[in-house]
Each structure stands twice: as structure tokens, then as C-alpha cells.
Amino acid sequence: MHTVTIAPVITANDRKAFVDLPFRLYRDDPHWVPPLKGEALGLITPEKNGWFSHAKVQLFLACEGKRVVGRISAHIDTLALTMPREQGFGPGVGQWGLMEAEREDIFLALVARAERWLRDQGMTRALGPISMSIWEEPGLLVEGFDHPPTIMMGHARPEYRDWIERAGYSPVKKLLTYELDITGNFPKIVQRIIKSGEANPRIRIRDTDKNRFEEEAAIILAILNDAWKSNWGFVPLTEPEIRDVGVKLKPIVFNDLIQIAELDGRPVAFMLTLPDLNEATKSLNGSLLPFGWIKLLWWLRKPKVRTMRVPLMGVVKELQTSRLANQLAFMMIERIRRAAVDKYGATRGEIGWILDDNRGMLSIATTIQSDINKVYVIYGRSL
């Protein structure tokens, strides 16, 4: 057996090897969804990912001889360094992510190298895995290995949990996703709340208008930053990130799946829902060639999916402790549920991720009779 060497990613070939490794490690896992390789490369390429405008990143590859056997990213979000310590980040907190390894000894070597880089940058604490922005794929999957992840959610090998904990890391925060059958009506109490809201002339729930994409995105961003600013792990989205996210998501943005709630004419809440693109890309094995792009374009014209995912929703801070907050949420959920079933053929919804101490969202998820289907954990340790 060759000695394991850890080296920084420098060349285009290194980045390709970094992206290719999971395709070998997960080739026999029926629940892994191969990412499109072009998107995976874009994620780690500074010129193609607006998050790099406020981040320092070093990628590493582990090799035995010429064989790539592991990978990891070490990174510092400079905006996260300015956040309050009680919200998870703050001064001295770096992260690692995008971790894959064939064996535990390789994993330990990779984490040690990532930690050394973080210490060299002045960091005193490490959180991981966060791959790479908190808005991308944070946390390690620890429950829910028996079904594929939905769009923009991660997957992992079950043994990683023990490896991380044996490396001295302790759980810091749990992120939950909930699933539910959306083919039937919600409980009667929810229906009554919705009906009451529909009779309130102060409330208007409307579709977004994709023809005014930038204007609508600005409205949603303003609500999001206000609604989430006190949440654990919050880092405000920047203009470069918003542009990149817009380009990536615009093809799967549909007017009736993104709702904005207005109170007395002022936008105060939103709900973003995406058809599960993973259902269309899973069989492509990471490539749009030679004919995958035709299949994907055809799907995007009029997607039919089993699952709809709600990755983001928010209500402005001033309303969050009021009954109105839940009412607006239920009204948006119901409008989206009807569209998802009637127009897109969906039968299943997924909500999340949700912080395990976000009582408002946990209450909503419970009230509409959804169940936890996946649990992700972010770990931390002092350096």
C-alpha cells in the first residue's frame, strides 16, 4: 500500500479529480444522486461562484500513489467572521467541507490538513461539514440513508458520522427535513385558518412574476435577510451570490410555486418551492452529453415530478411571534400544494432544512402532519 499524501488542489486536472472522486465512491449506492459535473466544477471555481467574493478557500486531495482516495475543502467565510458568536460563527471560526474518503485513516489525515490550514489563517475553531457556503449543502447526513436527497441537499456514507466523532468533533446543530403526502387536504384546523385568511381583505397571497425576475428576487431577498438575521448560522447573501443563484435556479423557477404574501400591500412573507430536479438528473450520471441536455430541456418545459421541495420561506421579524405568521405560511403552503398536485403531478412535499430549535417552523411542519425524513448534523471543535 502506498503512503497517503495530502496535496493542495492547484491545476484544472486537480479540480477535475476532486469532482470525479464521489462518482467512484458512491457508484454502488442506489440513493446517491450524481451532481452535474459542470455545476460541481463551478462550485469550486472562484470565477463561477459568487460566494468566493467573501471567502478564502483551499481544496486538498489525498492520494495513494496516483490514485485519488480522498478530498476536503478548508474555507473561511469572511462575512461569517463578522456574525455574533451566539449565532454559531463569529471571529476565529473556519469551516471544512466537501469531504470524501475511502478509509478512516485517510479522513483523519484530510481533516488534520484542513485544520492546519485554518490555524495558519488565524482560526481557533472549526465547523464541518459545510459545503461550502451555509446556503449550499451544510451538515452531514446522519439519518435518512434509505432514500435519495432532493435538489440542493447532500448525501453521505453512513460511516462518516463515527469518523468525525472519533476525530474529536461534537454535534453543534441539527438540520431537519420533513416530508408529507400532499395529495390530500390539510387538517381541518389548518383549513379553517386558511379560510379565515382568505376572507381578510388586508392579506393578499400572490404568485411571483418570472418576467420581473430581478425585482421579485429583491423582494424575496429583503424578507429573507430580515426573517433569518437572528438564526443560527445566518450569513447575508451578497449581490454576486444572488446573481449566480439566479442563473442556476431560473430554469426551475415557476410562478405558481413561489408565493409572496402581502399585508396592506406590503410584502411580508414568501415561500420558495422547487420541483425536485434530482429526479430528472439522477440517470444522467453527471453528464449532459451526448443526449442528456435534450432530456433535461424537455423536462424543464413542463416538469412532472413526485416531490416538491420548500428550501426557503420567511416572515418578516416583526410578525414572527404573531398568529398572522402561521396563517400566512399555511395560506402559501396550500396554494403551492394545489399547484404542485394539479399542474406538476406531485404527490410528496419536502420542507427543509429546518434548524432543530426553530420552534415556529417546527410547529408548522407538525401541524400539517409532516414527518422527519432526514437529519443532518454540523460538528465543531476547537483548533
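The values are calculated or read from the model by the stated rules, or taken from the named source; none is laboratory data. All values reported here derive from a predicted model rather than from experimental measurement. In this analysis, Cβ positions are derived from the backbone assuming ideal geometry, glycine residues included, and neighbour counts consider all displayed protein chains.
Quick notes
- Among the residues making up region 208-236, those that are out of contact with any strand residue (DSSP E or B) (no Cβ under 8 Å at 6 or more places or on another chain) and under 18 Å from Leu355 (Cα atoms) are Asn225, Lys229, Ser230, Phe234, Pro236.
- Among residues that are over 30 Å from Thr45 (Cβ atoms), modelled with pLDDT under 95 and not basic (Lys, Arg), Ala217 is not included.
- The lone criterion from (1) under 27 Å from Val377 (Cβ atoms); (2) surrounded by fewer than 14 Cβ atoms within 10 Å (Cβ to Cβ) left unmet by Leu289 is number (1).
- Criterion applied to Asp181, Asp146 was being under 20 Å from Gly349 (Cα atoms), surrounded by fewer than 14 Cβ atoms within 10 Å (Cβ to Cβ), in contact with a Gly (Cβ under 9 Å, 6 or more places away or on another chain) and not polar (S, T, N, Q), and the one residue passing it is Asp181.
- Scanning region 68-89 for residues that are under 15 Å from Pro8 (Cα atoms) and either surrounded by fewer than 21 Cβ atoms within 10 Å (Cβ to Cβ) or touching a Cys at 6+ places or on another chain (Cβ under 6 Å) (or both) yields a single hit, Val68.
- First in region 274-293 and farther than 10 Å from Ile151 by Cβ, second anywhere and outside any loop (DSSP other than H, G, I, E, B) and modelled with pLDDT of 90 or more, Cβ under 7 Å, 6 or more apart: Gly286/Phe23; Gly286/Lys37; Ser287/Lys37
- Residue count, region 264-281 (criterion: surrounded by fewer than 17 Cβ atoms within 10 Å (Cβ to Cβ) and assigned to a strand (DSSP E or B)): 1
- Whenever a residue of region 181-203 is part of a loop (DSSP other than H, G, I, E, B), its partners that are surrounded by fewer than 13 Cβ atoms within 10 Å (Cβ to Cβ), lying with C-beta atoms within less than 7 angstrom and at least six residues away or across chains, give the pairs Arg202/Asp264.
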